[in-house]
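Single-structure report; data block below.
The values are calculated or read from the model by the stated rules, or taken from the named source; none is laboratory data. Bear in mind the structure is a predicted one, so any value in this text is a computation, not a measurement. When we count neighbours, we look across all protein chains shown, and the Cβ atoms used for this are built from the backbone with ideal geometry, even at glycine. Note: areas computed on protein heavy atoms with side chains; ligands, DNA, RNA excluded. Shrake-Rupley method; radii C 1.70, N 1.55, O 1.52, S 1.80 Å.
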Amino acid sequence: MDIAVQENIFEKQNIAYFDDMGREELISFLKSIKGKTICFTGHRPSHLPWRYNEDCDMCKKFKQKLNALIKTCIDCGFETFISGVALGFDTFACESVLQFSKNNKTVELMLAIPCKNQPEKWGETDKKRYNDILSRANPVYVSTDYYSGCFIKRNHFMVDKADLVIACFNNLSGGTKSTVDYALKKGKNILFIKP
């Protein structure tokens, strides 16, 4: 990429770190964004500090922090939230948005589903949770059948539609990193939240 073009991209985007911001700074950041669509990207349980133990205090505190962030986004006028509805962070984000959408009909959760058999290899509890989310949201199937690039296609779809990317990212390689890299390349606004 040409250096001048790259600098131009980074001039247009805001990158912020939720854990380092006060409430007024967060509100100012959110209000500076043109458009009102957010997408989420984040780690699966295996890359989160509490792994699969959602009953631990660390996970409960993280969910409270995420709820506070999403409520502030809604208070600042964001209405459409897009998730890939994967295990881990995506699921937490979906459940939080759905909680707020009960009392606010302008809030929409769009699910960018990579393929129809996404939860095929998941355990029964995770499948039930997935189907509950699916029944209360607006699903968009990015691909019908699984193929090796359908998750990348899903991630690009979400970023392309978003005005702000909320990323739960701890610098590990994988799908979240490639999504963050794509968002940076596309000049998207990014708000990082620590797991």
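Points worth noting:
- Other residues with beta-carbon under 15 Å from the beta-carbon of T106 carry, at +1 per Lys or Arg and -1 per Asp or Glu, a net charge of +1.
- All-pairs Cα distance distribution in segment 146-190, expressed in whole percent, bin size 5 Å: 5, 23, 34, 23, 12, 3
- Summed over qualifying helices (DSSP H, 4 residues or more, each -39500 (n - 2.57)) and divided by its residue number, the chain shows a 222 nm mean residue ellipticity of -14000 deg cm²/dmol.
- Judged by the mean number of other Cβ atoms found within 10 Å, the most tightly packed of the peptides 68-76, 143-151 leads the ranking 68-76, 143-151.
- Shape call, segment 110-159: gyration tensor on alpha carbons, a/c limit 1.5: oblate
- Interchain or long-range residues, amide H under 5 Å from I190's placed H: N14, I15, A16, V165
- Cα gyration tensor shape of segment 30-167, rounded if a/c is under 1.5, else prolate or oblate by comparing a/b with b/c: oblate
- For E108, the amide hydrogen comes within under 5 Å of the amide hydrogens of T80, F81, counting only partners 5 or more places away or on other chains and with H modelled in the peptide plane.
- Karplus 3J(HN,Hα) series, Hz, for segment 186-192 with 6.51 cos²θ - 1.76 cosθ + 1.60 (x for Gly, Pro): 7, x, 7, 6, 10, 10, 8
- Order of exposure, largest accessible area first, which applies to D181, D55 with probe 1.4 Å: D55, D181
- Overall shape of segment 28-80 was characterised from the C-alpha gyration tensor. The equivalent ellipsoid obtained from it has semi-axes of 27, 12, 8 Å, in decreasing order.
- Heavy-atom accessible surface of the chain, averaged per residue, reaches 52 Å², computed with a 1.4 Å probe.
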